[in-house]
Each structure stands twice: as C-alpha cells, then as structure tokens.
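Any read-out appearing in this document is the output of simple, stated calculations on the displayed coordinates, not a laboratory observation. Because the structure is predicted, anything quoted here is derived from the model rather than measured. In this analysis, Cβ positions are derived from the backbone assuming ideal geometry, glycine residues included, and neighbour counts consider all displayed protein chains.
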There are 4 protein chains.
Amino acid sequence: MSDASIEGLTVALRKFAEERDWDQFHTPKNLATAMIVEAGELLEHFQWMDRGNREDFSARQREVVSLEMADVFLYLIRLADKLGVDLIDAALRKLEVNALKYPVALARGNSKKYTDL
Amino acid sequence: MSDASIEGLTVALRKFAEERDWDQFHTPKNLATAMIVEAGELLEHFQWMDRGNREDFSARQREVVSLEMADVFLYLIRLADKLGVDLIDAALRKLEVNALKYPVALARGNSKKYTDL
Amino acid sequence: MSDASIEGLTVALRKFAEERDWDQFHTPKNLATAMIVEAGELLEHFQWMDRGNREDFSARQREVVSLEMADVFLYLIRLADKLGVDLIDAALRKLEVNALKYPVALARGNSKKYTDL
Amino acid sequence: MSDASIEGLTVALRKFAEERDWDQFHTPKNLATAMIVEAGELLEHFQWMDRGNREDFSARQREVVSLEMADVFLYLIRLADKLGVDLIDAALRKLEVNALKYPVALARGNSKKYTDL
C-alpha cells in the first residue's frame, strides 16, 4: 500500500515502472501522449451529455469515471517526476497568473478568454 | 496564499470561480473538455521532439511546460470537486487495478496493452 | 494553387514538407500527435458554450474555427499519406461498421455506446 | 452505398443521424468533443512507439488504425456540415496561411513554431 500523497504516488509509480522495465517507454513525450489519451477516455463519458453532473451517472459509472481521472492523475504525476516539476507548487504559481489574467471586475459572469476581455 | 495541498487548491479554485461567477460554466462536462484542451497545449511542446527530456528544454520552456501541467492539474482538481471524487484515493485504487492488469512476469520490458499480453 | 481534392491536398502537403525538409519530423506518431493538438485548439472555441451552433459565432470566429478544422484535416491527410490509407475508402468501410453496431431499432433517440445498447 | 466523396459522406452521415434521431445529440460542441475522443483512440496506437511507421503495424493493426482515422474524418465532415464549412476550401486557405507563416528560407530543417522562427 502506497503512502496516500502525491509523493507516495510518485514513489509507487517509479517502483511500478522499474519492476516492469518500463522506463525505456516513459519518456516525457510518451507520458504526455498517454495522458491525453486518458483525458480522451474520460471525456468520452461526457460527450453526448448536457452537463455530466454527479447525479447523471450511476454509481458504477461514477467509479469508472473516477478511475479514468486517476489515469490522468497518475500520468501527470509520472511526467512531473520525469521533468522535475513540483505539481502543487506549479499549481499555486498558475493560480496567481490566472488571478492577474482574469481580474474579478473584468471576468465576472464572463467566459471569454483573457485575451478578449 | 493557498494551502499547499490538493485540499487547499480545491478550496482556492472554488473561491476563484465564485468570485467570478463561473460556476455556471463549470459543469463537469466543460471541465473535462477544458482539461483535454490544456493537455493538448502541454503536448504541443513535445510534438516534434524525440523524447522531450528535461534537458531538451530551456529553463524558460520548462517553466511554460510546468504551467501547462498546472492547468491540467487544476482542472482535474476542480472536476474531482464537482464529482465528489477523492483523487488520491482513486489513484491508489487504480494502481491496484494496474498491478492486476500488468503482472510483472507478463509485462516486463513489454509495452503491449493488457488485453494483448 | 493546389487541386481542390484530397489527392490535390496530399500532393501539396508532400511538396510543403519536402521544401522545408520536414519529412524527418513527420513520423506517423508525430502527425497523430499534432492532429490531436489541433483538435484541442478547435475544441477550445466550444469549451464554455452550450451547443456552439453556427449562429453562436461571429463571422471572424467562424473563420478561425474553419482554419482549426483545416489543421485537423491537413494532418489527417498527411498521416493517411504516410500510412498508405485511403481516407474516403476507410470512411465508407467505417460507416458500414457503424450501421451494424447501431441498428436503427436499437439506437433510435439513444446516445448509448453500442456495447450498452 | 454512398458516393465516394466528402459530399457523399456528408449526405450519408445526415441520413445516418436522421434515421437514428441523433441530431439532438449532434451539436457542433458535441461533435468537436467526439472528434477529439476519436483522435485520442487513434493516438493510443502510437503512444509507446518511436515512430509508428507503416511497417511497425501488422495488417490487422493497420486496419484498426485506418478505422480510427475514419472516425476522426467522419466527425470532422459532420461538424463541417453543421457549421457550413467547406473542408477542402478551408484546407486550401490554411495551406496559404502556413506558407506565409513558414517561409522556406526560415523553416527549412527546423521544427520551431512560427512565432519562434
């Protein structure tokens, strides 16, 4: 059982790949590719829905969707490990960038891209 | 400054959306869509590269790549919040599924899909 | 000016790549990657919309969207050329497969995947 | 049997959707979403490969890959129909844009984005 944290998952994924001699396949390019493939599998569950709210899925479907999200997450963690990126830290920096790009006064109730605000 | 954890980011993203009245746009379907769009922007940096190793990027490019990864991560966290999914827990469950799908003896040095092993 | 057909575009893309010495980058893998990156750029225009109907876009936006669709199309043509696939022929075969997967009686008014019909 | 052309496929897809009462699901947004999902399924076949050349696939795999390409193509045609876009014409216009963005003298042997040339 892995430690329940991003660091724990990072270590578990390293061990998983080493045991299977998969590092040869896990180039950052391939991991970014595998991640978008999983993001597509996740999106498939929503493609003909209006909103895809929690209650639009059965319990079984929600578990399937959760595991597709896990696939994206695991490849993201693995990619971050290979590139030496701290995901939490990068996310905090990006939140600050977004706050500057989308000031409340301009962005309120508006879904336009910041370049069109 | 947000708490440096997935929970902290979840709360920060809720506040960010509320302040901008963006919950109306943040349906799970739209968040899964926005996430794959960001995964595509990330992948663009690798598309003509052989491997995309850390040393293949300049410091400035690595920062750009880190922030694209952050975008994927932030939408994934937001989607998990909307669907009531615990990302770490889902990832641990998926790791166990993967261990069953890809036993070391069969998967070693092999990149085939489990259905073809 | 190229011949206005898939064959004409195939020849024009070959010439475009040869003149720029880009065949070295145009592996099928890289072309499939570039295509999904463009599909993501296209999807970005729809991500916060409800339906994205023709009338939801300005004339300028529709032109931008058209050119994103063209990007997907051009990479698809280029990939088909590299893999020796006849796109029209493959599409006709896929239509027949779909007709078997989704018989009118079962699929009518239903967006379920064929495996769940 | 449909007419072997983009126009023929457009008409066949309209009929296919009408017979199944699927127009309600075929909003441009949903079609752009379904298209990227198919682009992901196509990309999956390449994700752990170096180049994904024609000879890297068995005859059976090549047929599977061809049908994934057909899926992307069919959704692209359907989307173009819904948005009133002429795909061939848009592709010809995009080729001209690309010729301006990537002049031979600057782009030769170089995979950089035009903004970095």
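From the label point of D:Val64, set 7 Å from Cα along Cα→Cβ, how far away are the matching label points in the other copies, in nm, ordered shortest to longest?
For D:Val64, the other copies' label points sit at 1.9, 3.5, 3.8 nm, shortest first.
What spacing in nm lies between the two simple spin-label points modelled at C:Arg51 and D:Ser58, each 7 Å away from Cα in the Cβ direction?
In this crude spin-label approximation the distance works out to 4.6 nm.
Over the whole of A:61-71, what's the average partner chain Cβ count within 10 Å per residue? Rounded to a whole number, please.
Numbers: counts 0, 3, 3, 0, 6, 11, 7, 3, 11, 15, 5.
Taking all residues of A:61-71 together, the mean is 6.
Going by how many other Cβ atoms sit within 10 Å of their own, how do A:Asp116, D:Asp81 line up, fewest first?
Details: A:Asp116 6, D:Asp81 21.
Ordered by Cβ neighbours within 10 Å, fewest first: A:Asp116, D:Asp81.
Using Cα atoms only, what is the angle between the long axis of helix A:28-44 and the major principal axis of chain A, expressed in degrees (0 to 90) to the nearest 10?
The angle comes out near 60 degrees.
Have a look at chain A and give its Rg and Dmax from the Cα atoms, expressed in angstrom.
Taking only Cα atoms of chain A, I get Rg and Dmax of 17.7, 52 Å.
Measuring label to label, 7 Å along Cα→Cβ, what does B:Ala17 give against each other copy in nm, shortest first?
From this label point to the equivalent ones elsewhere in the assembly: 2.9, 3.1, 4.2 nm.
Residue-wise, which Karplus ³J(HN,Hα) couplings in Hz belong to the stretch A:15-21, taking 6.51 cos²θ - 1.76 cosθ + 1.60, θ = phi - 60°, and x for glycine or proline?
Result, ordered by residue: 5, 4, 5, 4, 4, 9, 6 Hz.
Any idea what angle helix A:87-101 forms with the longest principal axis of chain A, computed on alpha-carbon atoms, 0 to 90 degrees, nearest 10?
20
With n ≥ 4 as the cut-off for DSSP H runs, can you work out [θ] at 222 nm for chain A, using -39500 (n - 2.57) per run divided by the number of residues, rounded to the nearest 500? Could the numbers behind the result be given before it?
Values: 5 runs with 75 residues, N = 117.
So the calculated ellipticity at 222 nm is -21000 deg cm²/dmol.
Please report D:Thr27, A:Thr115 as a ranked list, fewest other C-beta atoms within 10 angstrom at the top and most at the bottom.
Values: D:Thr27 21, A:Thr115 6.
Starting with the residue having the fewest Cβ neighbours, the order is A:Thr115, D:Thr27.
Using only Cα atoms, tell me the angle between helix D:59-83 and the longest principal axis of chain D; keep it within 0 to 90° and round to the nearest 10.
70
Explain nothing, just the number: relative contact order of chain B, from Cα pairs under 8 Å at least 6 residues apart, as a whole percent. Numbers along the way, then the final one.
Values: 52 pairs, mean separation 35.1, N = 117.
Reported as a whole number, the value is 30 percent.
What list do you get for B:Val104, D:Val72, A:Val11 if you sort them by fewest beta carbons within 10 Å?
Ranking B:Val104, D:Val72, A:Val11 by Cβ neighbours within 10 Å, fewest first, gives B:Val104, A:Val11, D:Val72.
In Å and on Cα atoms, what radius of gyration and Dmax does the protein assembly as shown show?
Both quantities, over Cα of the protein assembly as shown: 21.7, 62 Å.
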